[in-house]
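Scroll down for the structure; my scribbles are underneath it.
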Amino acid sequence: MSAPAHADLVVHGGTVVNAGGSGPATVVVSGGRIVAVQDPSLPLPPHERAIDATGSLVLPGGVDPHCHIGQRLGEYAALDDYESASIAALWGGTTTVIDFAIPDPGQRPIDAVTERRKLAEISRCDTALHGCVIDWDDTTPAQIAEMANTGVRTIKLFTTYKDVVMAGPDTVLEVLRTLHAQGGIAYVHAEANHVIEDAQALAVAAGEAAAGHMPRTRPELAEASAVSQVLATAEHVDAPVYFVHQTTAEAVDLVRAARRRGVRAYTETCPHYLYLDERTYSSEHPERFVCCPPLRAPETVAALRSRALVGDIDTLGSDHCCYSASQKTEHSHDVRVMPNGLPGVETRLAVTFTQLVVRGGMPVERFVGMFATNPARLNGLTGKGVVAAGHDADLVVVDPAARRSARTGDLHMATDYTPYEGEELAGWPSVVVSGGRVVLDADGFHDPGPVGRALEADAMPDHLIT
Ligand SMILES: [Zn+2]
């Protein structure tokens, strides 16, 4: 594709970083798309606007594969909606958010998808959805086919939260098999429910069910055990599987070993499992760090990070869930009833860029793979996650030398705390371009209005990543 006679935007002077390589280049944008990535020595085409990215990295806009936007679960409702969540995402360099359509009790999965799509109409950035199946019945195959036809080809399965969202092993097997036939992938939250229920019961009996005791209520082995079982199922039915929020090197290694046997299995981890550890549960506000699985021991975090650094982790999902400090506090005497989850859609880039690239020395190309390219691929979002002609003009400019402390008051998520308060982080975007619009620059945020598109996932090829 050659550059048009007249461009809407040129981003010049920076180093363009893709998962497959990086180098100095000028990005030429027209009509919301990248129309050329050209040699920096070439003259700039005529343009409406130029952004000087000298000294900075130009990354593809982030694709966050794991967000819970305005999630209702039990008596708790997360405080954000698509407007506030998408604005926070854009501030943080994420231009596509993927949310979960988790059915309410008795609701059909397909109806949960339709309802979520409606909620997403106010989004400022592009959106996509994961469906969710809890119970298998005669109507489920047709619903999965219908979801796929409307561009939802990823389905979440929980192996825990019995009587709420847990899918039994038979349902997991049927969904994996049926979804694969639709070119889709199951997204699995893998923790062994019976182990967790027992660990929780023991903690309650010992009077240790408050937020500060979170780690003992969800032991590491519960994760490894469920990952093993789901991997066996995936291998048996010859279907791909994606594990959300893996927290231990043991779980990651199980996925890698399966992959070496030819199983198409993928690992996601989250910023908080790479940056924070269980010592936060001894802090003044342990409840603010309650998430599932819990933050792990420092040795576990170090081992997980080592797996990320060598490329054994495919994606970074925020697992964003926006509760306030008071919601977290209200029932913090009992981890079984308090709301789980941490706000993080806005801090995903800064936290992981700092921890992996700046401190860990990860090649920035590998980082881009985890932050944008792989989440786009593993969700069938063609056109996302790559800075190349023909792709959507979603760009993030980052000065790798810049540092700024995380402060709740500087963030835009609909909550009143951040788990990273006071942490000095790199990787904050200086410019964000979403669908060709400059939404963040030195003058601040420019709200584009409800322009986010509901993306439809394409059928995914049998071999996504080798
Ligand atoms: Zn989640």
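The values are calculated or read from the model by the stated rules, or taken from the named source; none is laboratory data. As the structure is a computational prediction, the values presented were derived from the model and not from experiment. Ideal geometry is used to build each Cβ from the backbone, glycine not excepted, and the neighbour counts take in all protein chains shown. Side chains are part of the model used for accessible areas, which takes the heavy atoms of the whole protein and leaves out ligands, DNA and RNA. Shrake-Rupley method; radii C 1.70, N 1.55, O 1.52, S 1.80 Å.
In this structure the range 234-302 gives 33 Å² per residue of accessible area when probed at 1.4 Å with all protein chains present. How far is helix 193-205 tilted off the main Cα axis of the chain, in degrees rounded to 10, range 0 to 90? Value to nearest ten degrees: 70. Each principal axis of the Cα cloud of the range 61-377 was taken in turn, and the coordinate range along them, longest first, works out to 49, 46, 44 Å. In the context of the full set of protein chains, the range 352-405 has a per residue accessible area of 29 Å² (1.4 Å probe).
Normalised per residue, the accessible area of the range 90-187 is 36 Å², obtained with a 1.4 Å probe and no contribution from ligands, DNA or RNA. Note on Leu202 and Ala257: the extension gain reaches 16.5 nm, defined as 0.36 nm multiplied by sequence separation minus the Cα-Cα distance.
Extension gain for Asp443-Glu421 works out to 5.5 nm (0.36 nm per residue, less the C-alpha to C-alpha distance).
When you restrict to C-alpha pairs under 8 Å that are six or more residues apart and normalise by the size of the chain, the relative contact order lands at 22 percent.
Helical runs (DSSP H, four residues minimum) scored at -39500 (n - 2.57) apiece and divided by the length of the chain put the mean residue ellipticity at 222 nm at -8000 deg cm²/dmol. Ordering Ala78, Leu179, Gly360 by Cα displacement along the dipole of the range 61-377 toward the positive end leaves Gly360 in first place; charges were set at the Cβ atoms of Lys, Arg (+1) and Asp, Glu (-1).
Ordering Gly207, Ala89, Leu349 by Cα displacement along the dipole of the range 61-377 toward the positive end leaves Leu349 in first place; charges were set at the Cβ atoms of Lys, Arg (+1) and Asp, Glu (-1). Largest first, the residues Glu365, Glu83, Glu456, Glu287 sort by 1.4 Å accessible area into Glu456, Glu83, Glu365, Glu287.
Accessible area ranking (1.4 Å probe, heavy atoms, ligands and nucleic acids excluded), largest first, for Thr114, Thr415: Thr114, Thr415.
Explain nothing, just the number: dipole magnitude of the range 298-376 about its Cα centre with +1 on each Lys and Arg Cβ and -1 on each Asp and Glu Cβ, in debye rounded to the nearest 20.
On the way: 7 positive and 8 negative charges, 28 e Å.
Taking the Cα centre of the range 298-376 as origin, the dipole is about 140 debye.
Straight-line reach from Lys162: which lysines have a Cα under 28 Å away, not including same-chain ones fewer than 8 places off? Here the lysines satisfying the reach criterion relative to Lys162 are Lys328. Rounded to the nearest 20, the Cβ-based charge dipole of the chain about its Cα centre (Lys and Arg +1, Asp and Glu -1) stands at 940 debye. Looking at the chain, what % of its DSSP beta bridges pair antiparallel, to the nearest 5? Close to 45 percent. Mind pulling the angle between the C-alpha long axis of helix 109-119 and the longest principal axis of the chain? Nearest 10 degrees, somewhere in 0 to 90. The angle comes out at about 40 degrees.
Rounded to the nearest 20, the Cβ-based charge dipole of the range 330-421 about its Cα centre (Lys and Arg +1, Asp and Glu -1) stands at 340 debye.
The accessible-area ordering, largest first, of the residues Trp428, Trp136 stands as Trp136, Trp428, per a 1.4 angstrom probe. Solvent-accessible area of the range 61-377 (1.4 angstrom probe, protein heavy atoms only): carbon and sulfur portion equals 51 percent. On a 0 to 90 degree scale, rounded to 10, what angle separates helix 82-91 from the longest Cα axis of the chain? Result, in degrees: 60.
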